[in-house]
1. If contacts are Cα pairs under 8 angstrom and at least 6 residues apart, what is the relative contact order of the stretch 106-207 in percent?
2. Suppose R0 equals 35 Å. What FRET efficiency, 1/(1 + (r/R0)^6) with r the Cβ-Cβ distance, do residue 44 and residue 173 give to the nearest 0.05?
3. What shape does the stretch 111-193 have by the C-alpha gyration tensor, where a ≥ b ≥ c are the square roots of the eigenvalues, rounded means a/c under 1.5, and otherwise prolate means a/b greater than b/c and oblate the rest?
4. So how far apart, in nm, are the two label points at residue 62 and residue 135 if each is 7 Å from Cα heading toward Cβ?
5. Is the shape of the chain best called rounded, prolate or oblate, per the rule: a/c under 1.5 gives rounded, else a/b larger than b/c gives prolate, else oblate, with a ≥ b ≥ c the square roots of the Cα gyration tensor eigenvalues?
6. Angle check, please: helix 173-184 long axis (alpha carbons) against the longest principal axis of the chain (alpha carbons), in degrees 0 to 90, nearest 10.
7. Could you grab the relative contact order for the chain? Cα pairs under 8 Å, six or more apart, rounded to a whole percent.
8. Give me the Kirkwood hydrodynamic radius of the stretch 13-97 in Å, from all C-alpha pairs, to one decimal place?
Amino acid sequence: MQNKGSSSKQVSTSNSVSIQLLTEVSLHALLHLEFKKLESKSQIFDLAKKNDLLVRWLKPRLKSNKYKAIRKQLKAMSLQAKKSQVDLEDVLLRGVEAKPELSQPHLDSYLLLIRELEKKLGTTALLSSPEKVDLKHDENGCLLCVLSTDLNAHFGTRNQLLSGISILFRGTVREKHLFLKTIYANDIFGYQIQYEDDSFVRITLELDK
């Protein structure tokens, strides 16, 4: 006869593994989407475009033995997204944010911070070298631009932050305050102001000490 205590422990361990795998997949899928947005000239993806990109990224994971424990969940999410019944990006974001107790690599925490800034400021982050940044981008709105030629170069092999990331922001006094306040409230990152005038503020994003 199977020991009930042992069976309960196995179920608990299985659930823990599934949660970790789902969190891992969600973070990496969102990171993939973020890079696609940065690469795109339009910077804006509609629901169908976002779902298509995420479903394509998830497809090989469905066949991977590594994710066998969550294959049914991944299939269900993909099918719903294909029918445009859900915003797969929102589903993945909720999956990540629902597990704050799990330690996240700096790269993933950076992604979530950028998504939070985009949502609060109603804009989309750009990626540009300092020499080529378009200061007049979206003149009727605000500008949120990561100044880097290679974002990956700021992170190590374990996705830990190795060097500060320069970010340029243009907006009203209220928007600048919201931009800085959001970073200040973050548990992982802090900032150093490198330049500021009536319209612009340039910071270096770094680990909060």
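The values are calculated or read from the model by the stated rules, or taken from the named source; none is laboratory data. Everything numeric in this text was worked out from a predicted model, so none of it was measured. All Cβ positions, glycine included, derive from the backbone under ideal geometry; neighbour counts span all protein chains shown. Just the protein is used for accessible areas: all its heavy atoms, side chains included, with ligands, DNA and RNA removed. Shrake-Rupley method; radii C 1.70, N 1.55, O 1.52, S 1.80 Å.
1. The value is 25 percent.
2. Numbers: r = 26 Å, r/R0 = 0.75.
That gives a FRET efficiency of 0.85.
3. Details: a/c = 2.04, a/b = 1.27, b/c = 1.61.
Verdict is oblate for the stretch 111-193.
4. According to this spin-label approximation, the distance is 4.9 nm.
5. Numbers: a/c = 2.46, a/b = 1.75, b/c = 1.40.
The shape class here is prolate.
6. It is inclined by approximately 40 degrees.
7. Working: 239 pairs, mean separation 30.8, N = 209.
Relative contact order here is 15 percent.
8. Numbers: mean 1/r = 0.0761 Å⁻¹.
After inverting the mean inverse Cα-Cα distance, the result is 13.1 Å.
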